[in-house]
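The values are calculated or read from the model by the stated rules, or taken from the named source; none is laboratory data. Computed from a predicted model, the values in this text were never measured in an experiment. Positions of Cβ are generated from backbone atoms using ideal geometry, with glycine treated the same way; all protein chains shown enter the neighbour counts. Note: areas computed on protein heavy atoms with side chains; ligands, DNA, RNA excluded. Shrake-Rupley method; radii C 1.70, N 1.55, O 1.52, S 1.80 Å.
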Amino acid sequence: MSSTLATDRSAEASESGSTAPLLEITGLGVSYGRRAVVRGSARRTRVLADVGLTVRAGEIVGIIGETGSGKTTLARATVGLVRPDAGSIQFDGRDLTALGRSELRDFRRSGRVQYMFQDPLRSQDPDLTVRQIVAEPFAAIGALSRQERAVRAEEALSLVGLDAAEIGSRTPGQISGGQRQRVSLARAIVTRPQLLLSDEPVSALDASNRNLVLGLLDRLRRELGLAVVVISHDLGSLAGIADRVAVLYRGRLVEQGPISEVLEYPRHPYTALLTASAPSVRSGHRLLPAELRAPVGRDPWPDDVGCVFAPRCRFADDACRTEPRPAAVGGPSVPQDHESGAPEASAGDEASAAGHTVVCHHAGSWRARLG
Amino acid sequence: MSRPAEATVEPLRAESAPSTGAHTHVPASAAPVLTVEGLDVTIGRTVRAVRDVSFSLARGEAVGLVGESGSGKSLTCRSVLGVLPPGCRVADGRITLSPSTDTAADGATDADVATLPASESAELTALPRKQWNAIRGRRIGAVFQDPASYLNPSLTVGGQLAEQLRVGRGLSRSEAYARAVELFAAVGLHRPAELYHQYPHELSGGMLQRVLIAIAVSCEPELLIADEATTALDVVIQAEILELLQSLRKEQGLALLLVTHDLAVVAESCDRVVVMYAGEIVEDGPTTEVLAAPAHPYTEALLRVASIGDWGRRELDIIPGRPPETGADLPGCRFADRCAYVTKECTAGPVALRTLDGGRRARCLRPAGPSGETRSAAAADPGLPVPQGAAL
Ligand SMILES: Nc1ncnc2c1ncn2[C@@H]1O[C@H](COP(=O)(O)OP(=O)(O)OP(=O)(O)O)[C@@H](O)[C@H]1O
Ligand code: SF4
Ligand code: SF4
Ligand SMILES: [Mg+2]
């Protein structure tokens, strides 16, 4: 396992004095008003609860989770496209949740944080040329001359390995899916942002193009010191480039930590189910998905009681009726289970930035129950 | 970790299995259920998008058809189903569905059903549309990437399955209802009787795919074609659907043609793999052997970029270059542009799909040996690019 690269990188970071987090999200909550009224109730639906995430310059953080788990919502809240109803989002020392409407708009237009959308085909105007698409963010800023914009657009295109002379005058329909994704990336970095949020950049691509785009993200963080949050369900590729990973399940962060540690020895039953389910050309899995699923025919778990994962968790028991709190995981050894039921309060708070946290009452003991 | 699984389906992989895991091995002598010979599909008049494709599936066998998008996988399986997109046609070749050996008399004797008796061999490309339609659904089932678009949004999912059972198997209304509920349970849907009355928009993507699988297997077909059927699902649901397909294979003796761009999915669930590139088959053989030592440089490249199930930091490999334009007429090997082992002979003339040892075939002048021997001539030829490194 090559953890040397990661270590080198954090050493570099501390030398350049940039260890203060660029982005620090704490206790984030987001609710949406219900569109359709289901069974007469008109409550707002909580889609993110108590989410905490820290990202440093030059760091790549992966976010994984099933569809609807709140990944896009988390990214959209971070760029101010969704108003949270709890928590704070500190970006470079400034609390974005405290900004007024026009301050927030100005911040978004500054291009310091860029959001790369899921599905480039839908987010790129089919009638614009590649050059125009890449220069689009400048229209909002309105600072540079036409000449300068053109130069910066070419620069961004070459950073993602595209030749402006070759494809600059084509429209999205005239380039391949992989190229389209790279155009999105060029557009996102043309304002020289400090933070890039990239939503499913590779889900529509084949393995080779997927690796190409992720490899580019890795290069950009090294060469530009860009901080990157990548939302992806491709665990294997993510593991190749990310430093840390956060696992979302129904709006809760159930586990986060150094990516190879989290994926290789998951402490949360959901993370374990995810890694066991990921297909691979080698049978390297230690666990089988079937042994991690809740038994068929078990009594249904009551709605909204205790742990969010309980309805699907094989290891759910009475202790899980109280909601587990984030707890720090120590070292590579197996953590102790707190059978007392007394959760380790907010012990994880300081540790969570660099360390490994898990939200499960039985984080240390469920493996033993696999027999 | 030999704990028995409590799920309805068997785990895919045995813990102790070497390499790519335990597959249901089908005796080599098993009669093929489907034979495709010399299939050519053209788009418009002249664009040969599928070229001389030949392969077969034995009864109960799972075969994976892999390749990047545009390689002709979908056109191939759509040819088998007789549902080619407008403007595309089978220009040459034979697609034969062999007679079923163990067909029970049920359903097949139903006089209302305009179909071929299951005991007859059918050359599909010569069939009139009506008979082909009858075969599709009865003897060949199919599931695709976006299940929602194959269901009628204004009818309940149960109603749609029951309809298929009444038309395809001649069941009465009440028989069809009872069987539909049974089938929903069999594909792992909870509370099947309630689900029967739900509409497609009320269900998640994974549930819809299960509904489509229930419909596809409702007439107990001999062959199920799954074209990127799990691509849009998240990994947990994907694994569940793949396990479901395996259990259906075991229980119904179903042969499975799994079309995917993901080599890892094939590694997990197929006995044999057929690799396509730019409209042609470039390699095929038993999955375990092909993945352990790919003979064709393209398979080797695909393997390099696939998920290796190891969570360490690594250099992400790519396959440099791009496939030729669909149907492009090239003098020699269609992969030559991107091949690290290319020599002059490779582009001199067409390269044939040659038979190798161990039931394998490869379309390469210098295939790698079964124990991964390097292509000797490559070493003698200086200045060839090395097939690795993400050259941007
Ligand atoms: N504008 C909206 N109004 C109401 N509900 C919404 C809205 N956007 C998202 N949701 C709901 O919020 C939840 C989280 O959605 P989100 O898009 O963040 O998930 P995701 O993890 O990005 O999913 P995917 O993997 O499908 O992209 C879902 O239940 C979704 O249906
Ligand atoms: S707290 Fe209980 S239900 Fe939740 S993940 Fe842990 S064991 Fe499962
Ligand atoms: S025939 Fe030649 S160019 Fe084609 S794959 Fe084999 S070695 Fe490469
Ligand atoms: Mg999303």
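The calculated FRET efficiency for the pair A:ASP299 and A:SER176, based on their C-beta separation and a Förster distance of 56 Å, comes to about 0.65.
Suppose R0 equals 51 Å; then what is the FRET efficiency for B:SER172 and B:ARG89 from their Cβ-Cβ distance, rounded to the nearest 0.05?
Values: r = 39 Å, r/R0 = 0.77.
Efficiency for this residue pair is about 0.80.
Annotation for region B:331-359 versus region B:130-196: alpha-carbon center distance of 45 Å.
The alpha carbon centroids of region B:244-295 and region A:272-313 are separated by 26 Å.
In the complete set of protein chains, residue-level accessible area for A:TRP366 is approximately 0 Å², probe 1.4 angstrom.
Write out the GluC sites (Glu not before Pro) in region B:246-348 meeting two conditions: DSSP loop, and at most 13 other Cβ atoms within 10 Å of their Cβ. Present the calculation step by step, with values, prior to reporting the outcome.
Numbers: sites: B:GLU251, B:GLU268, B:GLU280, B:GLU283, B:GLU289, B:GLU300, B:GLU315, B:GLU325, B:GLU345; in loops: B:GLU315, B:GLU325.
Sparse-neighbourhood loop GluC sites (Glu not before Pro): B:GLU325.
Note on B:GLU194 and A:THR26: with the Förster distance fixed at 35 Å, the Cβ-Cβ geometry gives a FRET efficiency of about 0.25.
For the full complex of protein chains and a 1.4 angstrom probe, list A:LEU214, A:LEU128 by accessible area with the highest value first. Before the final figure, lay out the partial values.
Values: A:LEU214 0, A:LEU128 40 Å².
Per-residue accessible area, sorted high to low, gives A:LEU128, A:LEU214.
Among A:ASP318, B:ASP284, the sequence by solvent-accessible area, most first, with a 1.4 Å probe is A:ASP318, B:ASP284. Modelled spin labels at B:GLU345 and A:GLU136, positioned 7 Å past Cα toward Cβ, are 5.2 nm from each other.
Site pair B:GLU182 and B:ASP310 shows an inter-label distance of 4.9 nm when each label is modelled 7 Å from Cα along Cα→Cβ.
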